Each structure stands twice: as structure tokens, then as C-alpha cells.
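Just so it is clear, none of the values below were taken in a lab; they were calculated from the coordinates. Bear in mind that the values here come from a model prediction, so they are computed numbers and not experimental data. Cβ: placed from backbone, ideal geometry, glycine included. Neighbour counts: every protein chain shown.
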Amino acid sequence: MATTKPKTANGYDADHTLACERALITLLRGFGTLKHTLRLVGGLVPRYLTPEKPPDVPPHAGTTDVDIVLNLQVLTDDEAYKSLATQLKDRGFTRHVNKEGKASSWRWQRQVSEHEYVLVEFLRDADEKLQGGKVAAVDGEDISALAIKHAGIVHEWFAEKEITAELLDGGGKATETVRFADVIAFLVLKSLAFDDRAENKDAADLVHVMRYAGTLEWIAQQFIDRQKAGQHRDAIAGALDALRRRFCDGEDVEGYERDGPVACASFMHGADADVSELRILEQRNVSGMVTEFLRLVEQGPSIHG
């Protein structure tokens, strides 16, 4: 099972995204008192932040995996941890095995059809003891989590929605409350993710949510309000800096030539020569939108006066 993310939107499909949602609901269904502590991040979140409403809100490209941020304060309790590990196995999740045949402790997979699997990745906040990009065991044995810088913001900055989906293995339909990164948390984490790993999908996800989650003025005001509240200032500052360096004019480089707009346009339109004009137009639109967003944020404290 490959874990490399597709470079263009054509590598994603609605059926697999639905399978990811079914895997998520199946996972939540078995976690009892733990499920309210789990936070969804990553490529499945735009499905809930920007529900498809043609023609105003087009469908999001989708995702190939499910990313869950764990609350380590809860998982330090032995009984809670055992419940998490046991329920993963009871619900049919197994450790992901890489190409070298090594089983992962932070990536788990769930078979959803004869030849199709959904990958579930467990994440945690980085701290002074574990820097971003490192993996550490939750209890030293059966399950681990990948440390992501500022991932812990989602424990405070989240939205929730009741989702009904068909459980895997014919378990019937179930309704669960999904708690996921809110608009600001999503944009912050995606900005930092693109700055770190330069994936086309990260840039495209970021742009999609910035375009369709609300007006640019509203999103900018949310950033301003969070700044005024003094919450997670380092995370916000890091995200705004990443957006400026990756999407905007500077250092004798025009914004549309930056790697952010290029990555987003390449994801949406591919690299073929016959769509080069579409790519350039998208690059200019993306750079212009991010530049205006930053102007609005810097204009604070209230863009509505």
C-alpha cells in the first residue's frame, strides 16, 4: 500500500474520500469515552469546513488518509491507553507495513474493499522533549504518534459536526460527532506543513479553505481575534510568515512565481504544456488572494472598524 500523496487532483476520488469518512466513523464508534478527545486534521477536514454547494463551493479534491491528533494528557492514563489500542484492533485496524516489510507504530490501516485500504495516522503536538517530525511511543510499546509542531492547537481550536456514515463490514449506519480543526487551526497547520514539506496537496488544501470557508474578511478577522486573545501566538506568527514567504512578492520575486502558487496550480491543473495558461492564471489568483489576506490581517485590530 503506497503512502506517497498524489501530486495532482486527478489522483484523488470521491469514493476513497467516502471510505476515509467511513473508516473515521468506524474508528470513533469504538472509542467510547476517548472519542471526544480525538481531533481530525489533514485532508478530510475541508469536507466539513467547506461542504460542497455548487456552483459557489466546488467539491474538495478529497483525501487518501485520516489524520488524528491524540491528546497525550488523556492517554497517560493506562486504562484509557489500553482502550485505544484494543479498540483499534477490535475495529479491524492493523499496523501499516511499509515497502521494507516493517510495521509502523503510528500508521494504522483499515481494509475497506478487496484491494483498497485507508491509512490512519496518529499525531501529537511537538514539545521541548520531542521535536517535529519525530515519532515516539505513547506508552512505550504498542502505539506511537508523529510529533507535529503546533498540532496541539486543535485541542482548543476545533469545530464539531454530527456525521452519519455506513460502518465498515456491514455494521449499519452510525452517527458520531467528529471534532476537527477549525478554519484558523486548519490554515495555520497547512501553512506550516507546506512550508516544511512542500507537498502540492498542502498548498491546494490551504487555498481551497481560504477561498470557500467564508469571506476573506471574515477569515482575516478570525486571525485578528485569535491574536488579540493571545492564543498560540507562535503558531499564528509562524503561519503568517510562511504564507508571506511562500505566496507573496519579495526579494525580486513576484508572488505568482513562488512555490506556493505553483504547487497549488500544478495540483489543480497538472504539468502539461497545454494547460500552462490556466496554471499561470491560477498562480496569479492564489498569490493575489493570500497577499490580500495578509494585508487584511496586518490592518487589524478590526477590519470592520
Exercise. Among 273-282, 180-189, 142-151, how do they line up from the highest to the lowest mean number of other beta-carbon atoms within 10 Å?
Worked result: 180-189, 142-151, 273-282
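Please say if segment 197-305 is rounded, prolate or oblate, where rounded means a/c under 1.5 for a ≥ b ≥ c the square roots of the C-alpha gyration tensor eigenvalues, and otherwise the choice is prolate for a/b larger than b/c and oblate otherwise? Walk me through the numbers on the way to the answer.
Working: a/c = 2.07, a/b = 1.98, b/c = 1.05.
Prolate, because a/c is 1.5 or more and a/b exceeds b/c.
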Problem set entry | Where GluC sites (Glu not before Pro) fall in DSSP loop in segment 207-256, at most 13 other Cβ within 10 Å | E251, E254
Seminar exercise, completed: Most exposed to least, judged by fewest other Cβ atoms within 10 Å, E199, E156 sort to E156, E199
Seminar exercise, completed: The long-range amide H neighbours of V112, using H built 1.01 Å from N in the peptide plane and a cut-off of under 5 Å, are Y117, V118
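At a 10 Å Cβ-Cβ cut-off, how would you order W157, W108, W218, fewest neighbours first?
Working: W157 21, W108 24, W218 13.
So the ranking, lowest neighbour count to highest, is W218, W157, W108.
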For this session: Past 18 Å, Cα to Cα, is the threshold; run K149/K190; K7/K53; K7/K201; K5/K134; K53/K190; K35/K161 against it and keep the listed order.
Result: K7/K53; K5/K134; K53/K190
Exercise. Which residue, G171, G43, G62, has the most motion in a Gaussian network model of the chain that connects Cα atoms within less than 10 Å?
Worked result: G171
Seminar exercise, completed: Asserting the computed 222 nm helical MRE of the chain (DSSP H runs at least 4 long, -39500 (n - 2.57) per run, divided by residue count, to nearest 500) equals -13500 deg cm²/dmol
Problem set entry | 3J(HN,Hα) from dihedral phi, segment 143-150, Karplus parametrisation 6.51/-1.76/1.60, rounded to Hz, x for glycine, proline | 8, 10, 9, 7, 6, 10, 4, 6
Exercise. Which percentage, to the nearest 5, of the DSSP beta bridges contained in the chain is antiparallel?
Worked result: 75
Problem set entry | Calculated percent of Cα pairs over 36 Å apart (choose from [x] 17; [y] 24; [z] 14), label | [x]
Problem set entry | Descending semi-axes in whole angstrom, ellipsoid equivalent of segment 181-223, from the Cα gyration tensor | 19, 10, 7
